[in-house]
1. Select from segment 458-479 the residues that are of a type in the set (A, V, I, L, M, F, W, C) and buried (at least 24 other Cβ atoms within 10 Å of the Cβ) and write down the one among them that is farthest from the chain's Cα centre (by Cα).
2. Of everything in segment 612-657, what is in a loop (DSSP other than H, G, I, E, B) and either at positive phi or in contact with a strand residue (DSSP E or B) (Cβ under 6 Å, 6 or more places away or on another chain) (or both)? Give them in sequence order.
3. If the Cβ limit is 6 Å and pairs must be 6+ apart or interchain, which residue in segment 191-204 that is buried (at least 19 other Cβ atoms within 10 Å of the Cβ) pairs with which residue that is in a helix (DSSP H, G or I) and of a type in the set (S, T, N, Q)?
4. Being closer than 26 Å to residue 591 by Cα, part of a strand (DSSP E or B) and of a type in the set (Gly, Ala, Ser): is that true of residue 720 here?
5. State which residue is farthest from the chain's Cα centre (by Cα) when the search covers only segment 540-554 and only residues that are surrounded by fewer than 24 Cβ atoms within 10 Å (Cβ to Cβ) and touching a residue at least 60 places away in the same chain (Cβ under 8 Å).
6. Would you please list the contacts, defined by Cβ atoms under 7 Å and residues six or more apart or on different chains, that run from a residue in segment 699-717 that is assigned by TED's automatic domain parsing to the domain that holds residue 663 to a residue that is aromatic (Phe, Trp, Tyr)?
7. Could you check segment 166-225 and list, in sequence order, the residues that are in a helix (DSSP H, G or I) and of a type in the set (Phe, Trp, Tyr)?
8. Check residue 711 against each of (1) outside any helix (DSSP H, G or I); (2) touching a helix residue (DSSP H, G or I) at 6+ places or on another chain (Cβ under 9 Å); (3) under 30 Å from residue 436 (Cβ atoms) and name the one condition it does not meet.
Amino acid sequence: MMVADQTKITRYKSTGYSAIRTVLAFFCGFFICFVPVIIYVANEIEKTLPDVANLFHHRPAQPLRIYAASEELLAEYGEERREIVSIREFPRVLKNAIISIEDAKFYHHRGVDYSGIFRAVVRNIASQENSQGASTITMQVARNMFLSKEKSYIRKIAEIMLAFKIEALFSKDQILEIYVNEIFLGERSYGFAAAASTYFNKSLSELSISESAVLAGLPKAPSAFNPVANYQRAMIRKNYILERMKELNYLNQEEFLQAISEEVKITKRANTRDSSVQFAVEEARKMIYEHYGESTYKEGFDVELTIDTRLQKAAHKELRDGLMRLQKIRGWEGVEGRFNVEEKVLDKKNIEKFLINFPDSGVLKAAVITEVLPNGIVKAMFRNGEVITLFSESGAYSVLELTKSSISRKRRIEKGTVVRVKQHAQNKWVLSQKPHMEGAMIAMDMQSGNILAMTGGFDFSLNNFNHVTQAQRQTGSTFKPFVYGAAIEKGFFPGFIVDDTRRVVKPAQRGSASWAPRNYANNYEGDITIRRAFIRSKNVATVNLMEAAGEDYVRNKALSFGFIPDFHPPGLPLALGAGLTSPMHLTQAFSVFGNNGAMVSPILIKSIRQRNGDLLYKAPDVSVRHQVISERNAFIVDSLLRDVVRSGTARQALRLGREDVAGKTGTSNRSKDLWFSGYAGGIAATTWIGYDDPKSLGAVTGGTIALPVWIKFMEQALSGRPEIQVTVPPEVSLIGGDYIYTEFLEKRICSNSMSNYVRSPYSCDIK
């Protein structure tokens with residue numbers, strides 16, 4: 001028995017030795033066969049690897065940010081939202097949360113966690129998937145900075161090799177700093193500082209432990225653990241990270257319990273594309289891009305504008321309201337579109353898809369009519385599926401009237417038509433209409449040149465053409481101050497008499513066909529003072545004055561204000577604003593009369609800094625000034641412009657209750673352009689309204705449409721601003737109750753020395 005047992009033991013030993021020999025032979029064969037292959041592959045990969053030393057010079061892309069004068073963020077441009085932060089400033093709690101979940105041995109390995117890789121390989125073989133990566137923070141840096149996101153063993157080898165190289169050149173804190181600033185964390189956010197702002201509207205230093213854990217959970221899968229889109233899933237991962245932090249002694253029991261019980265509130269950063277500022281920020285963006293090119297969106301420029309957000313919002317609102325009032329005067333012009341009710345069901349899904357082509361515009365919401373009942377009740381549906389009942393108003397937008405079968409199909413409201421509605425009161429919606437015309441509003445500080453407000457149209461999202469800077473429109477009577485100013489310089493003073501009798505300008509005087517200028521409403525007064533002709537905006541008298549002063553002389557004087565010569569051709573029609581200019585330039589030119597004859601250059605960009613604080617550009621505290629006319633000439637024209645408000649075509653502006661309000665109404669031929677340009681309290685502002693394709697706006701004027709917009713804006717703009725006091729300049733005298741240059745008294749200006757249409761009321765023996 002003993003012999004048999006011994007034999008069996010010997011056989012077992014022999015079998016065991018054989019198995020060991022087999023395993024050893026396998027591994028020897030593996031190494032003999034595959035190690036050379038691995039070495040070869042590694043050498044080939046080595047040849048393609050980038051130089052990690054480039055990380056020393058790496059500058060992460062940072063977006064362009066545009067701020068108001070109040071430092072309020074107005075807009076952000078760039079694919080990557082990023083805020084660079086030094087690792088020295090990085091919160092300890094967030095740092096620990098990241099290490100706990102992403103790489104617990106970060107400060108102990110040399111780029112690769114071998115045990116982690118072994119576990120990942122085993123799991124991948126078991127699951128027959130390539131899902132477990134076991135990438136350390138260093139390996140993630142290597143992948144994010146140099147490699148593709150393709151999952152393959154070749155890429156993994158490259159990742160490991162780059163990790164070794166990075167660890168050899170950079171300290172752990174340097175590596176971690178690259179990681180926390182470069183990692184993508186969803187919502188266009190790169191780096192944890194940007195993510196803190198995006199998800200919590202906080203800086204890194206303001207984050208709680210629980211919020212830090214939420215952010216630490218994002219690198220693994222920014223979409224899956226996005227707390228906005230997948231809140232519950234994000235909270236589960238947050239709790240897991242907190243447990244890991246406790247296990248690794250980064251949190252004590254009290255800190256853990258407090259963090260785990262905290263209710264995390266997501267407060268997304270406010271929309272940085274406020275509709276009221278879009279024209280201004282787009283103008284600034286174009287200016288910056290013109291200078292810096294593609295670097296505009298990468299170099300982390302912080303741009304401060306001169307825009308006052310309070311006034312910007314006011315300009316935006318008042319212009320929109322003015323355009324909607326004018327549209328209502330013009331009446332209902334028809335529905336915007338038609339949903340095919342014969343082919344498709346009027347449900348939320350179809351309506352939402354259909355209304356993509358009809359974006360909402362501020363208070364004006366697009367809706368599809370779903371029911372028109374015999375009792376006059378009309379129902380409509382928004383893109384979100386909400387159904388409303390339209391309240392019927394009387395007048396231009398009467399729902400009851402517009403549903404009648406007698407109304408033309410273009411104008412008739414029926415099932416399937418697309419309309420605009422606005423909220424009249426709580427749960428009360430009324431029919432409205434998107435204006436077919438456009439407008440512009442600009443306000444500028446006359447001393448500094450700072451642009452305080454700029455809105456270039458009804459809605460930037462519907463029409464991004466900036467009418468403030470890009471539109472060249474007929475000025476109408478807003479050009480008259482430049483005509484009268486030139487005539488005054490020639491010796492035709494406000495107290496002189498001008499003929500306001502209807503006349504025909506002969507062809508020889510025009511170089512073309514005869515022309516009969518007409519006053520508004522065919523109102524003619526005969527002999528009147530030049531001052532009265534101005535404040536009553538008399539066309540015939542203005543033509544006569546330009547003729548008396550000399551067409552070329554007046555034109556050249558006007559061009560000295562910067563008007564474009566090609567847009568202001570010679571001829572008497574120029575006196576009535578036949579030339580073209582932009583609201584921006586008209587505002588700049590008008591400011592001369594309220595600025596002692598000096599013109600300032602408009603300033604929109606106050607400063608440009610890089611995110612690190614380096615100053616690249618700073619506007620002068622006082623804009624470049626150019627003396628266009630004399631102080632005394634500006635004073636007299638200013639007195640005329642003030643009288644337009646006191647007793648002329650702009651008397652509505654008296655409601656501002658100020659003595660320094662000055663300006664001029666303007667209406668171009670056939671009411672194609674409506675203007676008011678003026679100033680008060682050191683602010684020059686202009687309102688323009690018209691169609692993009694110039695056509696008549698109907699029986700309206702600059703005084704009835706543009707002026708009310710200007711007044712409503714200035715009511716807010718002038719709040720807290722003192723009145724501008726003026727004094728009579730030297731060498732200006734009073735005679736007969738009006739102003740004249742003192743030296744002209746010595747020349748004995750009298751009727752004998754005047755033209756056929758202008759004469760002095762004073763005798764030749766005046767002293």
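1. Ranking the candidates gives 479 first.
2. Selection gives 613, 619, 623, 628, 649, 650, 657.
3. Cβ pairs passing all conditions: 191/181.
4. no
5. So the residue we want is 548.
6. 702/675; 702/676; 706/675; 706/676; 706/688; 707/676; 710/676
7. 179, 192, 199, 200
8. Condition (1) is where residue 711 drops out.
The values are calculated or read from the model by the stated rules, or taken from the named source; none is laboratory data. All of these numbers come straight from a predicted model, not from anything done at the bench. As a convention, Cβ positions derive from the backbone with ideal geometry for all residues, glycine included, and neighbour counts pool all protein chains shown.
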